[in-house]
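Student: Here it is: the structure, laid out below.
The values are calculated or read from the model by the stated rules, or taken from the named source; none is laboratory data. Nothing here was measured: the structure is a model prediction, and the numbers come from that model. Positions of Cβ are generated from backbone atoms using ideal geometry, with glycine treated the same way; all protein chains shown enter the neighbour counts.
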Amino acid sequence: MADLPGQSGWSGMMEAPSRGDRRKKNRMQDDGQSGETVQAPLCRIWGAGQYFGEEVARGGQALVIAADGGLEPALEHGDEPNLVVGDFDSLPAGSRKLRTDIPRRVLPAEKDDTDLLAAVKVGWQHGCRRFLIYGGLGGRMDHTLANLNLIHLIAASGGRAELWGRGMLVTALGPGSLDFPAWDCPPRSMISVLAADDQALGVVEQGLKYQTDGMTMTNQQVTGVSNEFLPGRPAHIGLKQGTVFVTYPTSAPQPVWSTSLEPRADLGSLETRPSRRLA
């Protein structure tokens, strides 16, 4: 993979794991510390959606991508992008934030992929398997639903993404686990687990107010809403098959993530031409 324009060294840092490494069970920690196997690099993506005044560019060293109008909040939060990608419909050419010194990948406006999906594809091409996405919740409901589908796609492809919301993070977890270390949580620190697929098999929730061991969940149930962390207790979320959405406070410690899925080689090519579905 070639370096991003003007960003020497990224090809080495972002090199995708070898085929042999991808066969191992992935074990990564969101703060950039790895266990016994290959660490998955982090990609921070700044979108053009709603912001809540609580966002922090966390996770340490990362590939930083602004999706269209996400350039402005990225710069406001001191997170200099390596690349801006999108159709630039939310960042007009005359904008004072359209920095000419940051590489751009211009895409057609009338395309099937969203700008956030395009940014994820670029990050995946550069070896990233963990994504922290800002500006992807709130605002337009159709964008929120599309972004839930997006993190579902990432989980089903062997990666993990978090969407930053108001005081909370939303992630999608495929076969594997999230392990939260013990922390001094305030009262009613909520964590919810909901099926994203028709069935999520072998769902385990341990170290929480409500406990499950091998439960089957469906996307027509709401049973997993409003579980709670317990002070001084580590918490474990796991499942054997399917995908679940997990929400938890931004104040919670970063969980250790593992998955049994082999990451897909790619998520498809960037859409550089207008949609073939245009009337």
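Student: Looking at segment 136-161, which of its residues are of a type in the set (D, E, K, R) and either surrounded by fewer than 24 Cβ atoms within 10 Å (Cβ to Cβ) or more than 23 Å from Gln254 (Cα to Cα) (or both)?
Tutor: Hits for segment 136-161 are Arg140, Asp142.
Student: Let me ask you something else. For segment 225-240, how many residues meet the condition of being in a loop (DSSP other than H, G, I, E, B) and either modelled with pLDDT under 95 or within 20 Å of Ser258 (Cβ to Cβ) (or both)?
Tutor: Start the filter on segment 225-240 by keeping residues that are in a loop (DSSP other than H, G, I, E, B), which leaves 225-226, 230-234, 240.
Pick out the ones that are also either modelled with pLDDT under 95 or within 20 Å of Ser258 (Cβ to Cβ) (or both) and you get 233-234, 240.
Summing the residues that are in a loop (DSSP other than H, G, I, E, B) and either modelled with pLDDT under 95 or within 20 Å of Ser258 (Cβ to Cβ) (or both) in segment 225-240 gives 3.
Student: Let me ask something else. Within segment 169-192, can one find any residue that is over 22 Å from Ala62 (Cα atoms), part of a strand (DSSP E or B) and of a type in the set (A, V, I, L, M)?
Tutor: Among the residues of segment 169-192, at least one is over 22 Å from Ala62 (Cα atoms), part of a strand (DSSP E or B) and of a type in the set (A, V, I, L, M), which makes the answer yes.
Student: Within segment 113-144, take every residue that is under 11 Å from Leu270 (Cα atoms) and in contact with an Asp or Glu (Cβ under 6 Å, 6 or more places away or on another chain) and give me the one that is modelled with the lowest pLDDT.
Tutor: Taking segment 113-144 as the starting set, the residues that turn out to be under 11 Å from Leu270 (Cα atoms) are 113-115, 117-122, 125.
Among the residues that remain, those that are also in contact with an Asp or Glu (Cβ under 6 Å, 6 or more places away or on another chain) are: 113, 115.
Working: Asp113: 89, Asp115: 92.
Checking each candidate, the answer is Asp113.
Student: Being at pLDDT below 95 and in contact with a strand residue (DSSP E or B) (Cβ under 8 Å, 6 or more places away or on another chain): is that true of Val246 here?
Tutor: No: the conditions fail for Val246.
Student: Quick check on Leu278: is it over 22 Å from Trp124 (Cβ atoms), in contact (Cβ under 8 Å) with a residue 60 or more places away in the chain and exposed (fewer than 12 other Cβ atoms within 10 Å of the Cβ)?
Tutor: When the stated conditions are applied, Leu278 passes them.
Student: Scan segment 182-209 residue by residue and report those that are surrounded by fewer than 12 Cβ atoms within 10 Å (Cβ to Cβ) and more than 22 Å from Ala155 (Cβ to Cβ).
Tutor: Asp184, Pro186, Pro187, Arg188
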